[in-house]
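Here is the structure we will look at.
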Amino acid sequence: IPDGFVMHVKAFGVMTRHPVKVEQLPPDLRDEAPLDERGRVDRPPREFRAEVFRRFHDALEPLRLNEKLGGILMQLPPYIVFKPSSLEYLEWAQEQLGGDEMLVEFRHASWLDDENRTETLAFLERNDMTYVIVDAPRTGGRNVSPTVVATTSPTAYVRFHGRNASTWNKRTGSAAERFDYLYPEDELEEWTGPLAELSGRAENVYAMFNNNGRSAMPA
């Protein structure tokens, strides 16, 4: 691995309050997991989530010891909205990460709309959490985070999800289909200015493109 290269790791779904099939859990945790009618982990207690966090943290120790661990991407599902209990959960989750950098990606517009944007960014900055900037289809829907160029830590982090509006809300497709998109040059050029601005205020800037199996990477 080259000097200076780090790996960012996406948090497991239980950690970000996503639905997770019981088969995705370690075998010894499956019997105690509360399930919904579709066999997915459903609203487990904090103690259960804490154990998942602990195992996730321990698994990353080789990266940590070799100084190759970047941040932990906490991509919240679109039904997690801005409200006091959501803020409290983020604080709790950060404690479980044991000092690893938390990268927070929102998937509901309430976090970054005109009413809550200032408070959201101030909360992240106050708690040393890294805000994840998102480039996604400009549908105007509430399940799409608006693109707000800002930093709340020494890290600037941009995720390019593509702008495939036709598949963004398609419930029957796969993630690979949803994010199947090749950015044309003019759309990438839109980011020349913002990325230069971010590089002037952050110690490290990461521009991450979606890497599902069918995603088209820019040349």
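The values are calculated or read from the model by the stated rules, or taken from the named source; none is laboratory data. Just so you know, these numbers come straight off a predicted model, no measurement behind them. Counting neighbours? That spans all protein chains shown, and the Cβs are built from the backbone with ideal geometry, glycine included. Accessible surface is based on the protein model in full, side chains and every heavy atom, while ligands, DNA and RNA are left aside. Shrake-Rupley method; radii C 1.70, N 1.55, O 1.52, S 1.80 Å.
Details
- Among the residues of region 75-93, those identified as in contact (Cβ under 8 Å) with a residue 40 or more places away in the chain and either β-branched (Val, Ile, Thr) or part of a loop (DSSP other than H, G, I, E, B) (or both) are Leu76, Pro77, Pro78, Ile80.
- Remark: Leu76 falls outside the filter, which requires a residue to be open to solvent by 10 Å² or more (accessible area, probe 1.4 Å) and closer than 30 Å to Phe5 by Cβ.
- Within region 22-40, the presence of a residue that is touching a residue at least 12 places away in the same chain (Cβ under 8 Å) and within 29 Å of Arg117 (Cα to Cα) is excluded.
- Per the conditions (1) open to solvent by less than 40 Å² (accessible area, probe 1.4 Å); (2) part of a helix (DSSP H, G or I), the sole criterion not satisfied by Glu47 is (1).
- Check on Arg17, in contact with a Leu (Cβ under 8 Å, 6 or more places away or on another chain), basic (Lys, Arg) and on the phi > 0 side of the Ramachandran plot: yes
- Residue match in region 54-70 (condition: part of a helix (DSSP H, G or I) and under 17 Å from the mean Cα position of the chain (by Cα)): yes
- So Thr172, is it within 15 Å of the chain's Cα centre (by Cα), open to solvent by 50 Å² or more (accessible area, probe 1.4 Å) and at pLDDT below 95: no
- In region 120-146, the residues that are assigned to a helix (DSSP H, G or I) and either touching a helix residue (DSSP H, G or I) at 6+ places or on another chain (Cβ under 9 Å) or open to solvent by less than 50 Å² (accessible area, probe 1.4 Å) (or both): Thr120, Leu121, Ala122, Phe123, Leu124
- Some residue of region 182-200 being part of a loop (DSSP other than H, G, I, E, B), small (Gly, Ala, Ser) and at pLDDT 95 or above: no
- The listed residue being part of a loop (DSSP other than H, G, I, E, B), at pLDDT 85 or above and either hydrophobic (A, V, I, L, M, F, W, C) or open to solvent by less than 50 Å² (accessible area, probe 1.4 Å) (or both), out of Ala156, Ala207, Ala150: Ala150
- Residue match in region 84-101 (condition: open to solvent by less than 40 Å² (accessible area, probe 1.4 Å), over 14 Å from the mean Cα position of the chain (by Cα) and under 25 Å from Asp3 (Cα atoms)): yes
- Within region 103-133, the set of residues being in contact with a Ser or Thr (Cβ under 8 Å, 6 or more places away or on another chain), closer than 19 Å to Met15 by Cβ and not basic (Lys, Arg) comprises Leu103, Val104, Glu105, Phe106, His108, Trp111, Leu124, Asp128, Met129, Thr130, Tyr131.
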